[in-house]
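Single-structure report; data block below.
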Amino acid sequence: MAAGEADAVGGAGAADGAGSVVAAAVVVGAVEGAGEVVTVVDTRLAVVDGAAAREPVPSVAAEPHAARTSPTTTVPSTDRTVTPLPWPDVGRRPGTSGRTLAVVVAVLLGACSDPASPPPSTVPSPSTAVIAPTTTAAPVAPATVASTVPTVVPTTTVAPVAGPAFTGAASAVTAAELGSSWRPGCPVAPEDLRLLRMSYWGFDDQPHVGALVVAASVAAAVLEVFHTLYDQRFPIRRMEPVDVYGADDDASMAVDNTSAFNCRPAVAEGPPHWSNHAYGLAVDVNPVENPYVLGGRVLPPAGAEFVDRSVYRPGMAVTGGVLTSAFAAVGWGWGGTWSNPDYQHFSSTGG
């Protein structure tokens, strides 16, 4: 390139000849001989007065600029897309000394890459990669999975709700009060008997007061037994003197009545003899739940479903149970161990 045959314009601008102005942010130019080729490396803005392009001038070969990529749709690349400059010619003002090249570079909207980016390659890229916007999925909360490990619930033993305190008392009884359960010739006189009034728990889980007639000699022991049963809430269906049922033992058993004294013979095999009930020395408890099995007979008949003693149900007398233990504690025997088991029967003599 000959000295004085080319002007490089940079900075804010340059004035030439009669006042034509060329302004550019950055212009790097080169003029070669008569061919006068200008290579634009990077530009920002140029303004030339209206007279700048009146004569034909050599063609300007523009360095391609990269299209500005959308911040949301394209990925920045070192490749650039060639965009030809839109002006056909630029020229010199006629009559000026020397040759001053006026270069007009327009601002291409969105045509320049980031200033900090390296100079664009001179090899055009065949295409610009476009990437669809990335959608960031919201974090998914972890699913709640029901645990398969069984939850251990602490077992709390709750004591029974306290009820009224046990009450029990023994009083003398007259022949009139004994009614049909006593008659002259019985093995015990009325003055040798006692009427017991005492508390018991019913099958309705409520406290009640019942009555039994027993021999005076065992009154204290029987009160002790029923005190224990009450404290343990052992259920008793009902407790009434057998006179209420006309001294009919079958009728009393049929309604599951707990009774004691009744001047009658023993219900047993062999010759007739007085029952321990005729002395006031025996008590039958819950006859339905604790039937008397004599040969092929079940007394009372309603107790047939309780002949099978393998399954415990409330009110039953069983070995080591509350009922049998309470009587054993005062030295009484139980008929449940007999060859003809009488599960309801307890006596001071064991018979």
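Taking the Cα-to-Cβ direction at Ser310 and at Glu224 and moving 7 Å from each Cα, how far apart do the two end points lie in nm?
Output for this residue pair reads 3.7 nm.
Within region 259-275, find all residues whose amide N lies under 15 Å from a label point positioned 7 Å from the Cα of Ser180 along Cα-to-beta-carbon.
262-264
What does the extension gain come out to for Thr167 and Val322, with contour length at 0.36 nm per residue minus their alpha carbon separation?
Full-extension gain reported as 53.9 nm.
With a point put 7 Å past each Cα toward its Cβ, work out how far Asp192 is from Arg297 in nm, to one decimal.
So the label points at Asp192 and Arg297 sit 2.7 nm apart.
Each reported figure results from applying straightforward, stated rules to the coordinates on display, with no laboratory input. Only a predicted model underlies this, so the values are computations on that prediction, with no experimental measurement involved. Glycine gets a Cβ as well: all are built from the backbone with ideal geometry, and neighbour counts include every protein chain shown.
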